[in-house]
1. Surrounded by fewer than 22 Cβ atoms within 10 Å (Cβ to Cβ), at pLDDT below 90 and assigned to a loop (DSSP other than H, G, I, E, B): is that true of Lys190 in this structure?
2. Can you name every one of the strands (runs of 3 or more DSSP E) wholly within segment 302-404 that holds 1 or more residues which are in contact with a Phe, Trp or Tyr (Cβ under 8 Å, 6 or more places away or on another chain) and within 25 Å of Thr151 (Cβ to Cβ)?
3. Show the residue pairs that are 6+ apart or on different chains and have beta-carbon atoms under 9 Å apart, the first residue being within segment 396-409 and touching a residue at least 60 places away in the same chain (Cβ under 8 Å), the second being of a type in the set (Gly, Ala, Ser) and in a strand (DSSP E or B).
4. Pick out the one residue from Ala343, Ala268 that is surrounded by fewer than 18 Cβ atoms within 10 Å (Cβ to Cβ), within 21 Å of Val448 (Cα to Cα) and modelled with pLDDT of 95 or more.
5. In segment 432-476, which residues are among the small types (Gly, Ala, Ser) and touching a residue at least 24 places away in the same chain (Cβ under 8 Å)?
6. Check segment 130-142 and report whether any residue there is under 17 Å from Glu40 (Cα atoms), modelled with pLDDT of 90 or more, more than 21 Å from the chain's Cα centre (by Cα) and among the basic types (Lys, Arg).
7. Test Val11 against the stated conditions and say whether it is in contact with a strand residue (DSSP E or B) (Cβ under 6 Å, 6 or more places away or on another chain), at pLDDT 50 or above, within 26 Å of Met82 (Cα to Cα) and outside the structural domain of Leu177 (by TED's automatic domain parsing).
8. Only strands (runs of 3 or more DSSP E) wholly contained in segment 407-499 count here; list those with 1 or more residues that are on the phi > 0 side of the Ramachandran plot.
Amino acid sequence: MKKKIYAVVAVLSLPVMAWGQSVTFETDDYRSIGVYDTWEKSPFRNGAQKLEGNVMVIENPFTSVDAQIGKTPNATGHILAMQRSRFGSNTFGARIDLNTPFELTKQTRYVHVYIRKPQEGQGRVMLVGLGKRRERAAQSKEAEQFWVVSTNAVTADEWCDAVFPIKGAGGIDIYSLVVVPHCESPRGLKEDFAVYLDEIVVNDDPTPRIRRGDYVLNFDANTVSRRQGMKLKGIALESVSGQSQQWQLPEVQASKIYQLRQDFVAHAQPGDTLIPVFDYTGKGMQGYIYLDRNNDGRFDVTLNDDGTVPGSSELLTYTSTESAGSGQSFPKAPDFMVPADLAPGFYRMRFKVDKQSTDPAGNGHENNGITSNGGAIVDIRLNVHGAYCNVNDANRNGEVLTADGQRLVKYQAPFGKPFTIRMNPEKGFTHAGIRVRHGYGLAGDSLVHGTLQYSDVIYPAELFKDNCFTIPGEVMDGDVEIEGLFVEEKSVAGASKED
């Protein structure tokens, strides 16, 4: 029997920002607002006819009840409205200068932004952090410290909570946030459009405050377990050779029934055999593993009449009721094989502890539901890959080469291994570092039903030695596109002279 999983929605409430304030636009809880473009030659940054951009706080006109949710997603009185200009680049956005800066630490935190945009504005949503390193007295407070795409999709004409994971080396103060609502080329835009923002918070919770559609649950995603003595402390995947990939869940979140951890990334090749492990306190429960093998935003479960799992099911394996009730500590689920026909990519994988239910959304029965039986769900990403990464150079005014001078055109580099590159600027140019896009489907949307497919990371020139830099192995995780940030030598000299 194939179970159909229907959409449910959970609206969550989150604590205020880590630096002791929240930006709600109800009062002057921000220093100033404006627009910003990372493109240095943008008409919003340069020239005598510099454009100011249209951005202002307005009364919230979108307070009607959402039919899917059954309530108003955002009932605040005031919101921030901005005009997405056709003259801005793909990284043009609303700039919010904060009353108090916050530190970009080594620990991953999450910025949440309510956003509403029209159908014309569909595309990726990005967040840029402007700030400075504390030990660099001369550095501007407007240095771009991070660019990050939201981990979840933003749908048209309804309030969504865009979530951005952020982290740094520590000692970096963020003074301004730039919300880029349409991180796509403006060439296809026939006219400008309005975008609305509200309720910006920073916390340790990666779960969106508003959830619709994909990978649905049979309970509010912020629900805390009623069984205090039963909790999932960690998960792991072991290979038949004994190698183990392990992830520990923070104690502060251990009581939450559901956790989305896109920062937990498992690696496997098609055809690999894996053994799931649940570090779980409690007995009488079962473990389930699901994989969205066609990336359609849901887990389709099919079982044979005898309870065994057919090869086409997205329930890969589970422990039996007999083993769960045997009185022993939580048993390992039977091993499973990563489907041999899976194309390279990131896939959503679900670990579920539950009782007598193969429903990926959790046992929904009133008397034995996952909210009361001590169960838990953790979603992670599975990186299905080959032995090599496909590396390409995407540049003008220079090129990026291997350390020994080979061109990067479908270059095959070992997966997961550090990779050293060398910059080769054209005459009259130098470089400011590189931007690396890594993952899968690099030319498409970075999100497939909310599952992150690729990320961008910037390595500044100060990290290079003799024009060479070694890209960390963790970034060599699929297809890799390297963009050299080549700039004219005279522009660099001019900037230095001004400094």
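The values are calculated or read from the model by the stated rules, or taken from the named source; none is laboratory data. Owing to the predicted nature of the structure, the values given are computational and were not obtained by experimental measurement. Virtual Cβ from ideal backbone geometry, glycine too; neighbours counted across all protein chains shown.
1. Yes: the conditions hold for Lys190.
2. Per the criteria, 315-318, 345-354, 376-384, 388-393.
3. Between residues of segment 396-409 that are touching a residue at least 60 places away in the same chain (Cβ under 8 Å) and residues that are of a type in the set (Gly, Ala, Ser) and in a strand (DSSP E or B), the close pairs are Arg396/Gly484; Asn397/Gly484; Gly398/Gly484; Glu399/Gly484; Val400/Gly484.
4. Ala343
5. Within segment 432-476, Ala432, Gly433, Gly439, Gly441, Ser446, Gly450, Ser455, Ala461, Gly473 qualify.
6. Yes, some residue in segment 130-142 is under 17 Å from Glu40 (Cα atoms), modelled with pLDDT of 90 or more, more than 21 Å from the chain's Cα centre (by Cα) and among the basic types (Lys, Arg).
7. Values: in contact with a strand residue (DSSP E or B) (Cβ under 6 Å, 6 or more places away or on another chain): yes; at pLDDT 50 or above: no; within 26 Å of Met82 (Cα to Cα): yes; outside the structural domain of Leu177 (by TED's automatic domain parsing): yes.
No.
8. In segment 407-499, 429-439 are the strands (runs of 3 or more DSSP E) which contain 1 or more residues that are on the phi > 0 side of the Ramachandran plot.
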